[in-house]
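The values are calculated or read from the model by the stated rules, or taken from the named source; none is laboratory data. In this text, all values refer to a predicted model and were calculated from it rather than measured experimentally. Reconstructed Cβ throughout: ideal geometry from the backbone, glycine too, with neighbour counts over all protein chains shown.
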Amino acid sequence: MRTSWIAAAALGCTLAAGTALSAQDPFKRFEQAVRGKPAAPASQPAPDRPTRRPLPAPTAAPATSGPAAKGASTLPDQGVHNAVHAAHQSQIVFTRKDLGIGAITEGDIATDFTLGQPMFFRVFTERSAVNALALANNLPASAVYADGVHYVARFTVGGKSFDTGIFPWGNRKDHETWTTWRGQFVNPGNAQLTPGTDAFLELLSRATLAGVLPTGTHAVTMEVIPFTNTEGGGKLTAPPVAKGSFKLTVPAGIFKASNPAVCGPGRGGAGTAATEARALSEIRRSWDWAELTPVKAVAIGRVWNVTVNEFTSVPIERQTDVAILSRGANYCAAHVHTLTEQYAGGGSYAPGTISVNFRPGFIPCGCLD
(Lines give C-alpha, C1' and ligand atoms only; values in the text may rest on other atoms or scores of the structure.)
Protein backbone atom coordinates (compact mmCIF):
# COMPACT_ATOMS: atom_id res chain seq x y z
CA MET A 1 0.00 0.00 0.00
CA ARG A 2 1.25 3.50 -0.73
CA THR A 3 0.19 7.06 -0.35
CA SER A 4 1.61 10.35 -1.59
CA TRP A 5 2.22 13.46 0.47
CA ILE A 6 3.85 16.84 0.27
CA ALA A 7 4.41 19.18 3.19
CA ALA A 8 0.96 20.10 4.50
CA ALA A 9 1.51 23.81 4.01
CA ALA A 10 2.56 23.34 0.40
CA LEU A 11 -0.42 21.12 -0.30
CA GLY A 12 -2.78 23.60 1.31
CA CYS A 13 -1.39 26.40 -0.83
CA THR A 14 -1.72 24.28 -3.93
CA LEU A 15 -5.34 23.47 -3.21
CA ALA A 16 -6.16 27.06 -2.42
CA ALA A 17 -4.47 28.29 -5.56
CA GLY A 18 -6.24 25.65 -7.63
CA THR A 19 -9.60 26.70 -6.21
CA ALA A 20 -8.92 30.34 -6.98
CA LEU A 21 -7.60 29.69 -10.47
CA SER A 22 -10.54 27.50 -11.39
CA ALA A 23 -12.76 30.53 -10.97
CA GLN A 24 -10.69 32.82 -13.17
CA ASP A 25 -10.97 33.71 -16.84
CA PRO A 26 -10.75 31.83 -19.15
CA PHE A 27 -11.61 28.83 -17.00
CA LYS A 28 -14.71 30.40 -15.49
CA ARG A 29 -17.87 31.09 -17.51
CA PHE A 30 -18.02 34.82 -18.04
CA GLU A 31 -17.28 37.61 -15.63
CA GLN A 32 -20.05 38.15 -13.09
CA ALA A 33 -20.60 41.55 -14.63
CA VAL A 34 -22.57 39.86 -17.38
CA ARG A 35 -24.02 37.01 -15.36
CA GLY A 36 -26.82 36.62 -12.89
CA LYS A 37 -27.88 40.27 -12.57
CA PRO A 38 -31.56 41.27 -12.31
CA ALA A 39 -33.10 42.34 -15.57
CA ALA A 40 -33.36 46.11 -16.04
CA PRO A 41 -36.78 47.73 -16.37
CA ALA A 42 -38.08 47.85 -19.92
CA SER A 43 -37.40 51.59 -20.08
CA GLN A 44 -33.73 51.12 -19.18
CA PRO A 45 -31.28 49.17 -21.34
CA ALA A 46 -28.91 46.75 -19.64
CA PRO A 47 -25.58 47.75 -21.25
CA ASP A 48 -23.61 44.98 -19.57
CA ARG A 49 -25.69 42.20 -21.10
CA PRO A 50 -24.48 40.68 -24.39
CA THR A 51 -26.01 42.16 -27.50
CA ARG A 52 -25.39 41.68 -31.18
CA ARG A 53 -24.07 44.69 -33.04
CA PRO A 54 -25.90 45.06 -36.38
CA LEU A 55 -23.80 43.63 -39.18
CA PRO A 56 -23.17 45.49 -42.45
CA ALA A 57 -25.65 44.93 -45.25
CA PRO A 58 -24.57 41.94 -47.38
CA THR A 59 -22.74 42.75 -50.57
CA ALA A 60 -22.72 39.23 -51.95
CA ALA A 61 -25.56 36.97 -53.00
CA PRO A 62 -28.14 36.29 -50.26
CA ALA A 63 -27.69 33.18 -48.11
CA THR A 64 -30.60 31.46 -49.81
CA SER A 65 -28.51 30.86 -52.92
CA GLY A 66 -24.99 29.64 -53.59
CA PRO A 67 -22.75 27.61 -51.25
CA ALA A 68 -24.17 29.13 -48.07
CA ALA A 69 -27.45 27.34 -48.76
CA LYS A 70 -25.91 24.00 -47.82
CA GLY A 71 -27.21 24.35 -44.29
CA ALA A 72 -24.95 26.71 -42.37
CA SER A 73 -26.51 27.68 -39.04
CA THR A 74 -25.37 29.16 -35.75
CA LEU A 75 -26.06 28.83 -32.04
CA PRO A 76 -26.94 31.71 -29.70
CA ASP A 77 -23.70 33.25 -28.47
CA GLN A 78 -22.85 36.08 -26.12
CA GLY A 79 -22.65 38.81 -28.73
CA VAL A 80 -21.19 42.21 -27.88
CA HIS A 81 -20.70 42.79 -24.16
CA ASN A 82 -20.11 46.52 -23.85
CA ALA A 83 -18.90 49.67 -25.62
CA VAL A 84 -15.24 48.58 -25.61
CA HIS A 85 -16.19 45.28 -27.24
CA ALA A 86 -18.32 47.10 -29.81
CA ALA A 87 -15.49 49.51 -30.64
CA HIS A 88 -12.96 46.70 -31.06
CA GLN A 89 -15.02 43.87 -32.51
CA SER A 90 -12.83 41.47 -34.52
CA GLN A 91 -9.75 42.96 -32.90
CA ILE A 92 -7.11 41.97 -30.35
CA VAL A 93 -6.18 44.69 -27.88
CA PHE A 94 -3.11 44.66 -25.65
CA THR A 95 -2.77 45.86 -22.05
CA ARG A 96 -0.13 46.16 -19.33
CA LYS A 97 -2.27 44.44 -16.71
CA ASP A 98 -4.74 41.57 -16.51
CA LEU A 99 -8.30 42.90 -16.81
CA GLY A 100 -11.76 41.33 -16.88
CA ILE A 101 -14.33 42.27 -19.51
CA GLY A 102 -16.08 44.60 -17.08
CA ALA A 103 -12.86 46.38 -16.07
CA ILE A 104 -11.08 47.13 -19.35
CA THR A 105 -11.35 50.70 -20.65
CA GLU A 106 -10.00 52.48 -23.71
CA GLY A 107 -7.32 54.02 -21.50
CA ASP A 108 -6.00 50.54 -20.61
CA ILE A 109 -5.21 49.64 -24.22
CA ALA A 110 -1.51 49.93 -25.07
CA THR A 111 0.34 49.65 -28.37
CA ASP A 112 4.01 49.60 -27.32
CA PHE A 113 5.84 47.24 -24.96
CA THR A 114 9.35 46.41 -23.84
CA LEU A 115 10.07 42.69 -23.77
CA GLY A 116 10.22 41.41 -20.20
CA GLN A 117 7.54 43.76 -18.88
CA PRO A 118 3.96 42.57 -18.22
CA MET A 119 2.00 41.98 -21.43
CA PHE A 120 -1.64 40.90 -21.61
CA PHE A 121 -4.26 40.84 -24.35
CA ARG A 122 -7.99 40.49 -24.94
CA VAL A 123 -9.64 39.00 -28.02
CA PHE A 124 -12.93 40.55 -29.17
CA THR A 125 -14.78 38.55 -31.83
CA GLU A 126 -17.97 39.00 -33.80
CA ARG A 127 -19.11 35.43 -33.20
CA SER A 128 -18.17 32.48 -31.04
CA ALA A 129 -15.54 30.08 -32.37
CA VAL A 130 -18.13 27.40 -33.17
CA ASN A 131 -20.33 29.86 -35.06
CA ALA A 132 -17.36 31.25 -36.99
CA LEU A 133 -16.32 27.72 -37.99
CA ALA A 134 -19.88 26.76 -38.95
CA LEU A 135 -20.35 29.79 -41.20
CA ALA A 136 -16.90 29.54 -42.79
CA ASN A 137 -17.56 25.93 -43.76
CA ASN A 138 -21.29 26.16 -44.59
CA LEU A 139 -22.20 23.71 -41.82
CA PRO A 140 -24.75 23.66 -39.04
CA ALA A 141 -23.07 24.62 -35.76
CA SER A 142 -24.17 21.26 -34.32
CA ALA A 143 -21.78 19.53 -36.75
CA VAL A 144 -18.75 21.40 -35.38
CA TYR A 145 -16.77 19.47 -32.76
CA ALA A 146 -16.96 22.15 -30.06
CA ASP A 147 -14.97 20.21 -27.46
CA GLY A 148 -11.99 20.15 -29.81
CA VAL A 149 -11.85 23.87 -30.63
CA HIS A 150 -8.43 25.46 -30.26
CA TYR A 151 -6.75 28.58 -31.58
CA VAL A 152 -3.62 29.21 -33.59
CA ALA A 153 -1.91 32.55 -32.99
CA ARG A 154 -0.36 33.86 -36.22
CA PHE A 155 2.33 36.46 -35.57
CA THR A 156 3.87 38.53 -38.34
CA VAL A 157 7.12 40.41 -37.73
CA GLY A 158 9.79 41.58 -40.14
CA GLY A 159 7.75 40.40 -43.11
CA LYS A 160 7.71 36.79 -41.86
CA SER A 161 4.71 34.95 -40.37
CA PHE A 162 4.81 32.31 -37.63
CA ASP A 163 1.83 30.09 -36.81
CA THR A 164 2.08 29.23 -33.11
CA GLY A 165 -0.08 27.05 -30.91
CA ILE A 166 -2.20 28.32 -28.02
CA PHE A 167 -2.65 25.52 -25.51
CA PRO A 168 -6.31 24.36 -25.74
CA TRP A 169 -8.62 25.82 -23.11
CA GLY A 170 -12.32 25.88 -22.27
CA ASN A 171 -15.16 23.44 -22.80
CA ARG A 172 -17.96 22.93 -25.31
CA LYS A 173 -20.20 25.69 -23.93
CA ASP A 174 -17.32 28.18 -23.84
CA HIS A 175 -16.51 27.57 -27.50
CA GLU A 176 -20.16 27.74 -28.50
CA THR A 177 -20.85 31.03 -26.71
CA TRP A 178 -17.76 33.10 -25.87
CA THR A 179 -17.15 36.16 -28.02
CA THR A 180 -14.31 37.55 -25.90
CA TRP A 181 -11.51 36.01 -23.87
CA ARG A 182 -8.29 37.24 -22.34
CA GLY A 183 -4.73 35.99 -22.34
CA GLN A 184 -1.18 36.78 -21.34
CA PHE A 185 2.26 36.93 -22.96
CA VAL A 186 4.45 37.92 -20.02
CA ASN A 187 2.98 37.67 -16.52
CA PRO A 188 5.74 37.99 -13.91
CA GLY A 189 3.33 37.50 -11.01
CA ASN A 190 1.56 34.49 -12.60
CA ALA A 191 -1.67 35.71 -11.03
CA GLN A 192 -3.76 34.06 -13.76
CA LEU A 193 -3.55 30.91 -15.81
CA THR A 194 -4.78 32.44 -19.05
CA PRO A 195 -3.65 31.28 -22.50
CA GLY A 196 -0.99 32.82 -24.69
CA THR A 197 2.40 32.57 -23.01
CA ASP A 198 3.13 29.33 -24.81
CA ALA A 199 2.40 30.93 -28.19
CA PHE A 200 4.47 34.01 -27.36
CA LEU A 201 7.46 31.90 -26.31
CA GLU A 202 7.17 29.97 -29.56
CA LEU A 203 7.22 33.28 -31.45
CA LEU A 204 10.32 34.43 -29.57
CA SER A 205 12.04 31.09 -30.16
CA ARG A 206 11.32 30.94 -33.89
CA ALA A 207 11.61 34.65 -34.70
CA THR A 208 14.94 35.20 -32.96
CA LEU A 209 16.48 32.22 -34.76
CA ALA A 210 15.03 33.49 -38.04
CA GLY A 211 16.78 36.81 -37.43
CA VAL A 212 13.65 38.98 -37.56
CA LEU A 213 13.50 39.87 -33.85
CA PRO A 214 16.96 41.24 -32.96
CA THR A 215 17.70 44.00 -30.45
CA GLY A 216 15.56 47.04 -31.33
CA THR A 217 11.91 47.94 -31.85
CA HIS A 218 9.66 45.88 -34.12
CA ALA A 219 6.07 46.03 -35.37
CA VAL A 220 4.24 42.80 -34.50
CA THR A 221 0.83 41.72 -35.80
CA MET A 222 -1.18 38.96 -34.14
CA GLU A 223 -4.19 37.07 -35.55
CA VAL A 224 -6.17 34.28 -33.89
CA ILE A 225 -7.54 31.47 -36.04
CA PRO A 226 -9.96 28.81 -34.75
CA PHE A 227 -9.49 25.14 -35.66
CA THR A 228 -11.38 21.94 -34.85
CA ASN A 229 -12.91 18.85 -36.48
CA THR A 230 -16.44 18.00 -37.54
CA GLU A 231 -18.32 15.63 -35.28
CA GLY A 232 -17.92 13.00 -37.98
CA GLY A 233 -14.23 13.69 -38.64
CA GLY A 234 -12.28 16.00 -40.88
CA LYS A 235 -10.47 19.20 -39.99
CA LEU A 236 -12.16 22.58 -39.99
CA THR A 237 -10.71 26.06 -39.92
CA ALA A 238 -12.00 29.59 -40.34
CA PRO A 239 -10.37 32.85 -41.39
CA PRO A 240 -8.83 34.90 -38.56
CA VAL A 241 -11.55 36.02 -36.15
CA ALA A 242 -9.53 38.85 -34.58
CA LYS A 243 -6.38 40.83 -35.35
CA GLY A 244 -4.22 43.39 -33.53
CA SER A 245 -0.79 45.02 -33.64
CA PHE A 246 1.77 46.37 -31.20
CA LYS A 247 5.37 47.57 -31.13
CA LEU A 248 7.84 45.41 -29.24
CA THR A 249 11.21 46.69 -28.06
CA VAL A 250 13.78 43.92 -27.53
CA PRO A 251 16.49 45.12 -25.11
CA ALA A 252 20.08 43.98 -25.51
CA GLY A 253 20.91 40.95 -23.37
CA ILE A 254 17.27 40.15 -22.55
CA PHE A 255 17.66 36.46 -23.38
CA LYS A 256 19.58 34.92 -20.51
CA ALA A 257 18.78 32.01 -18.24
CA SER A 258 18.54 34.24 -15.16
CA ASN A 259 15.59 36.18 -16.64
CA PRO A 260 12.40 34.22 -15.81
CA ALA A 261 10.15 36.71 -17.66
CA VAL A 262 11.29 35.37 -21.03
CA CYS A 263 13.33 32.27 -20.19
CA GLY A 264 10.98 30.43 -17.84
CA PRO A 265 11.51 29.38 -14.22
CA GLY A 266 14.95 28.59 -12.90
CA ARG A 267 15.96 25.85 -10.50
CA GLY A 268 13.28 25.17 -7.88
CA GLY A 269 13.52 24.14 -4.27
CA ALA A 270 13.80 20.46 -5.19
CA GLY A 271 16.64 20.97 -7.65
CA THR A 272 20.39 20.44 -7.44
CA ALA A 273 23.13 20.39 -10.06
CA ALA A 274 23.51 16.64 -9.47
CA THR A 275 19.79 16.04 -10.01
CA GLU A 276 19.88 17.99 -13.28
CA ALA A 277 22.95 16.12 -14.51
CA ARG A 278 21.24 12.78 -13.87
CA ALA A 279 18.04 13.94 -15.60
CA LEU A 280 19.95 15.09 -18.69
CA SER A 281 21.85 11.80 -18.83
CA GLU A 282 18.61 9.82 -18.55
CA ILE A 283 16.74 11.78 -21.23
CA ARG A 284 19.57 11.30 -23.71
CA ARG A 285 19.03 7.54 -23.46
CA SER A 286 15.46 7.78 -24.79
CA TRP A 287 15.60 10.95 -26.92
CA ASP A 288 13.92 10.53 -30.32
CA TRP A 289 13.47 14.11 -31.60
CA ALA A 290 15.65 14.16 -34.70
CA GLU A 291 15.30 17.94 -35.11
CA LEU A 292 16.25 18.75 -31.49
CA THR A 293 19.31 18.08 -29.34
CA PRO A 294 18.95 18.12 -25.53
CA VAL A 295 21.55 20.46 -24.03
CA LYS A 296 20.40 21.29 -20.51
CA ALA A 297 18.14 20.16 -17.67
CA VAL A 298 16.60 22.52 -15.10
CA ALA A 299 14.94 21.01 -12.03
CA ILE A 300 12.07 23.50 -11.83
CA GLY A 301 10.02 21.61 -9.23
CA ARG A 302 9.49 23.50 -5.97
CA VAL A 303 9.16 20.32 -3.89
CA TRP A 304 9.59 16.56 -4.11
CA ASN A 305 6.30 14.66 -4.12
CA VAL A 306 7.11 11.68 -1.90
CA THR A 307 5.18 8.39 -2.11
CA VAL A 308 5.27 6.44 1.15
CA ASN A 309 4.05 3.09 2.40
CA GLU A 310 0.58 3.66 3.82
CA PHE A 311 1.20 1.54 6.91
CA THR A 312 4.87 2.12 7.74
CA SER A 313 5.31 5.63 6.24
CA VAL A 314 8.63 4.46 4.81
CA PRO A 315 9.34 6.31 1.53
CA ILE A 316 8.97 4.36 -1.69
CA GLU A 317 9.87 6.99 -4.29
CA ARG A 318 9.80 10.73 -4.96
CA GLN A 319 9.02 12.83 -8.02
CA THR A 320 9.64 16.37 -9.23
CA ASP A 321 9.43 18.35 -12.49
CA VAL A 322 12.45 18.84 -14.70
CA ALA A 323 12.55 21.02 -17.84
CA ILE A 324 14.64 19.53 -20.62
CA LEU A 325 15.97 22.34 -22.81
CA SER A 326 16.83 21.38 -26.38
CA ARG A 327 18.16 23.20 -29.43
CA GLY A 328 17.13 22.84 -33.07
CA ALA A 329 17.72 24.59 -36.37
CA ASN A 330 14.39 26.46 -36.30
CA TYR A 331 13.45 26.70 -32.62
CA CYS A 332 14.41 25.65 -29.11
CA ALA A 333 12.14 23.70 -26.77
CA ALA A 334 11.54 23.38 -23.02
CA HIS A 335 9.66 20.14 -22.39
CA VAL A 336 8.71 19.45 -18.76
CA HIS A 337 9.22 15.83 -17.70
CA THR A 338 8.74 14.04 -14.39
CA LEU A 339 11.88 12.74 -12.67
CA THR A 340 11.30 9.74 -10.36
CA GLU A 341 13.86 8.50 -7.82
CA GLN A 342 13.46 5.26 -5.86
CA TYR A 343 14.14 5.24 -2.13
CA ALA A 344 17.47 3.54 -1.39
CA GLY A 345 17.22 3.51 2.40
CA GLY A 346 18.99 5.55 5.01
CA GLY A 347 17.38 8.77 3.80
CA SER A 348 18.91 8.54 0.31
CA TYR A 349 17.46 7.96 -3.16
CA ALA A 350 18.86 6.11 -6.14
CA PRO A 351 19.54 7.89 -9.45
CA GLY A 352 16.20 8.47 -11.12
CA THR A 353 14.32 7.68 -14.27
CA ILE A 354 12.64 10.33 -16.39
CA SER A 355 9.16 10.09 -17.86
CA VAL A 356 8.58 9.57 -21.56
CA ASN A 357 5.48 11.76 -21.36
CA PHE A 358 6.02 15.50 -21.03
CA ARG A 359 4.36 18.90 -21.15
CA PRO A 360 5.58 20.58 -24.36
CA GLY A 361 6.90 24.12 -24.48
CA PHE A 362 9.20 26.55 -26.29
CA ILE A 363 12.05 28.76 -25.13
CA PRO A 364 14.16 31.42 -26.89
CA CYS A 365 17.45 29.81 -27.87
CA GLY A 366 19.42 32.59 -26.20
CA CYS A 367 18.17 31.28 -22.87
CA LEU A 368 20.17 28.09 -23.33
CA ASP A 369 23.54 29.87 -23.29
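In segment 99-141, which residue that is within 27 Å of LEU201 (Cα to Cα), part of a strand (DSSP E or B) and not hydrophobic (A, V, I, L, M, F, W, C) is modelled with the lowest pLDDT?
The qualifying residue modelled with the lowest pLDDT is GLN117.
For segment 158-165, does any single residue satisfy the condition of being within 23 Å of CYS367 (Cα to Cα) and hydrophobic (A, V, I, L, M, F, W, C)?
Yes, that holds for at least one residue.
Among the residues of segment 81-98, how many are assigned to a loop (DSSP other than H, G, I, E, B), in contact (Cβ under 8 Å) with a residue 60 or more places away in the chain and either buried (at least 19 other Cβ atoms within 10 Å of the Cβ) or outside the structural domain of VAL123 (by TED's automatic domain parsing) (or both)?
Going through segment 81-98 one residue at a time, the tally reaches 2.
Tell me the residue from ALA277, ALA261, ALA270, ALA252 that is surrounded by fewer than 17 Cβ atoms within 10 Å (Cβ to Cβ) and either touching a Lys or Arg at 6+ places or on another chain (Cβ under 6 Å) or in a loop (DSSP other than H, G, I, E, B) (or both), please.
Working: ALA277 fails: either touching a Lys or Arg at 6+ places or on another chain (Cβ under 6 Å) or in a loop (DSSP other than H, G, I, E, B) (or both); ALA261 fails: either touching a Lys or Arg at 6+ places or on another chain (Cβ under 6 Å) or in a loop (DSSP other than H, G, I, E, B) (or both); ALA270 fails: surrounded by fewer than 17 Cβ atoms within 10 Å (Cβ to Cβ).
Of the residues listed, the single one that is surrounded by fewer than 17 Cβ atoms within 10 Å (Cβ to Cβ) and either touching a Lys or Arg at 6+ places or on another chain (Cβ under 6 Å) or in a loop (DSSP other than H, G, I, E, B) (or both) is ALA252.
Determine the pairs where a residue that is within 17 Å of SER286 (Cα to Cα) and without any contact (Cβ under 8 Å) to a residue 12 or more places away in the chain, located within segment 335-348, has a partner that is outside any strand (DSSP E or B) and among the β-branched types (Val, Ile, Thr) with Cβ atoms under 8 Å apart, the partner being 6 or more residues away or on another chain.
Every condition considered, no pair remains.
Being over 20 Å from the mean Cα position of the chain (by Cα) and part of a strand (DSSP E or B) is the filter here, so list the residues in segment 230-249 that pass it.
Matches in segment 230-249: THR230, LYS235, LEU236, LYS247, THR249.
Considering only segment 304-334, state which residues are among the basic types (Lys, Arg) and free of Cβ contacts under 8 Å to residues at least 40 places away in the same chain.
Once the filter is applied, which keeps residues that are among the basic types (Lys, Arg) and free of Cβ contacts under 8 Å to residues at least 40 places away in the same chain, segment 304-334 yields only ARG318.
All but one of (1) farther than 30 Å from ALA72 by Cα; (2) surrounded by 24 or more Cβ atoms within 10 Å (Cβ to Cβ); (3) modelled with pLDDT under 95 hold for VAL144; state the number of the condition that does not hold.
(1)
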